[in-house]
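Worksheet for the structure shown next.
The values are calculated or read from the model by the stated rules, or taken from the named source; none is laboratory data. All values derive from a computational prediction rather than experimental measurement. All Cβ positions, glycine included, derive from the backbone under ideal geometry; neighbour counts span all protein chains shown.
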């Protein structure tokens, strides 16, 4: 069974990758990402139309199998398959070997890994598990968790990986997102011009150097790239992949197809991706307007791109109608319902209607200039530095067209870097609460999206456009990356969980609650401010209605979690639930609320009670 769990996802990748390669005459390494994108869209559509994700998966498998079969029958030979896996000399493509190695690495490095970041427990993990268990889009789950209106694209691929692995596990969801990321990054490492290398060893060294660069760069992010299902960084990879399609594909119907397909999946990854659509549209059209063959109509380039962009939004529109069907409302963070023209005008004019705007202005500018996102390098310096490096590489070019292309890429990084900073400023001002905006909630995560895009573009330029007299540059970059990753950055992400001590957090409490409470139990979970994240236990207790609160006096001025309310309100609030569990509590809690309980010595860590309101006091019955 263990071998089957390893082989099934691998065979799936081979099946859909081979079918796409044969259908569009592309190498396997260039086919995996778009093949995965098609599968995600099939799952979204089947989830909406027939409310069964498995139908979309079966459609993907059947269509892939029929494509391969039809091609073999038409050609009456296996030459089409040989072209996918073998080079002109009849030996296996190095890119195919790289895929096999990458698949093995992704499997091994996630052995024993568990979720470790808050949002994985509050919603991202729920998305995957509910999709897997219900064979349906997570938005219609009966369980209670945050942000049911989020777009489902990447979470569906993670669920697919769990289905192929015959089990939902946190490690399998990590493998899913990492395989999707790798599929978008590997083509850059494998794009090698045969004529530049004397023998196979030269190509192997080049592949290793390229791989170290493109897969090492994400380790510099403040957000763990190889140990999270957060989607801030994979959004950055999606944006980069769209840029890669622009520069690596000549203008054609296929180029428009894969560009639109990539945009569609980017939008279905995270709603903030919408902000990147106009700048990617402009890059695609301007790039091909300038550098495509003169025989291609420029009107066709612009019209074709407009059509591709419009079609890319269709699945998002369908998903929006589906949410409306089930009356699933917008979330506090990623919904756009809070945006209005009046708010935007208030932000632009600084008319005083937003009382905390001056605080956000000051803190946001300070963060852009000084908050380190890579070591001590802030957002501004990263964007300026990356743009400058691409510009310097442009100066080394002998080919005039390559010079012009790199100049455009350098300018795009600079302008989009500024544009994204402005977009995020408006998001803080119109979509976040005063507390979140003034504190720049999740600033590092949000800004790391375009930082990663920028670094991957820079890596692509180094790999793709390094001239022969400066061939040492990629090797030098790879060496510097390895040195800094080992000494300064998150190399522990590349170790299996069994070596890093990954474990399910507070597993004893989880087993106790699941074993003691009936299905559907309504629980008030009391915790101290220091143990605020204990609320993540709710992820492991899906059949318990979990409410986590901190009661007591504020411990500092910005403490927005501690609740201090009158005893009668406390009694009413607690007895709205069936049970109470004291995970932990602050010192002030006992002084403030001990008299709210009918019996003495009730408050103690690890105690679980059934509760009811008895004459204005909380009557407790011990749950054994």
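Answer with yes or no whether residue 308 is part of a helix (DSSP H, G or I), surrounded by 13 or more Cβ atoms within 10 Å (Cβ to Cβ) and within 23 Å of the chain's Cα centre (by Cα).
Judged against the criteria, residue 308 is not a match.
What number of residues in region 365-414 are in contact (Cβ under 8 Å) with a residue 12 or more places away in the chain, part of a loop (DSSP other than H, G, I, E, B) and closer than 24 Å to residue 294 by Cα?
Total meeting the criteria: 2.
Failed condition for residue 477, given (1) more than 24 Å from the chain's Cα centre (by Cα); (2) surrounded by fewer than 19 Cβ atoms within 10 Å (Cβ to Cβ); (3) modelled with pLDDT under 75, with all others met?
(2)
Within region 27-47, work out how many residues are closer than 19 Å to residue 158 by Cβ and over 21 Å from the mean Cα position of the chain (by Cα).
Of the residues in that region, 1 qualify.
Among the residues of region 86-99, which ones are touching a residue at least 60 places away in the same chain (Cβ under 8 Å) and either part of a helix (DSSP H, G or I) or surrounded by fewer than 16 Cβ atoms within 10 Å (Cβ to Cβ) (or both)?
Listed by number, the residues that qualify are 94, 95, 96, 98, 99.
If we scan region 13-27, do we find a residue that is in contact (Cβ under 8 Å) with a residue 60 or more places away in the chain, on the phi > 0 side of the Ramachandran plot and not in a helix (DSSP H, G or I)?
no
Looking at residue 485 and the list (1) at pLDDT 95 or above; (2) in the same structural domain as residue 208 (by TED's automatic domain parsing), which single condition is not satisfied?
(1)
Evaluate the following for residue 11: is it at pLDDT 95 or above and crowded, with 24+ Cβ neighbours inside 10 Å?
No.
From 148, 167, grab the single residue that is out of contact with any strand residue (DSSP E or B) (no Cβ under 9 Å at 6 or more places or on another chain), at pLDDT 85 or above and surrounded by fewer than 17 Cβ atoms within 10 Å (Cβ to Cβ).
Matching residue, one of 148, 167: 167.
Checking residue 71 against (1) within 21 Å of the chain's Cα centre (by Cα); (2) in contact (Cβ under 8 Å) with a residue 24 or more places away in the chain; (3) under 30 Å from residue 47 (Cβ atoms): exactly one of these is not met. Which one?
(1)
Identify all residues within region 282-305 that are outside any helix (DSSP H, G or I) and either touching a helix residue (DSSP H, G or I) at 6+ places or on another chain (Cβ under 7 Å) or not assigned by TED's automatic domain parsing to the domain that holds residue 38 (or both); write none if there are none.
Once the filter is applied, which keeps residues that are outside any helix (DSSP H, G or I) and either touching a helix residue (DSSP H, G or I) at 6+ places or on another chain (Cβ under 7 Å) or not assigned by TED's automatic domain parsing to the domain that holds residue 38 (or both), region 282-305 yields only 292.
Among 240, 215, 220, which is the only one that is in contact with a strand residue (DSSP E or B) (Cβ under 7 Å, 6 or more places away or on another chain) and crowded, with 20+ Cβ neighbours inside 10 Å?
220
Only one of (1) assigned to a helix (DSSP H, G or I); (2) touching a helix residue (DSSP H, G or I) at 6+ places or on another chain (Cβ under 9 Å); (3) more than 30 Å from residue 548 (Cβ to Cβ) is not met by residue 166, so which one is it?
(1)
Could you check, for region 58-76, whether at least one of its residues is farther than 26 Å from residue 158 by Cα and not in a helix (DSSP H, G or I)?
yes
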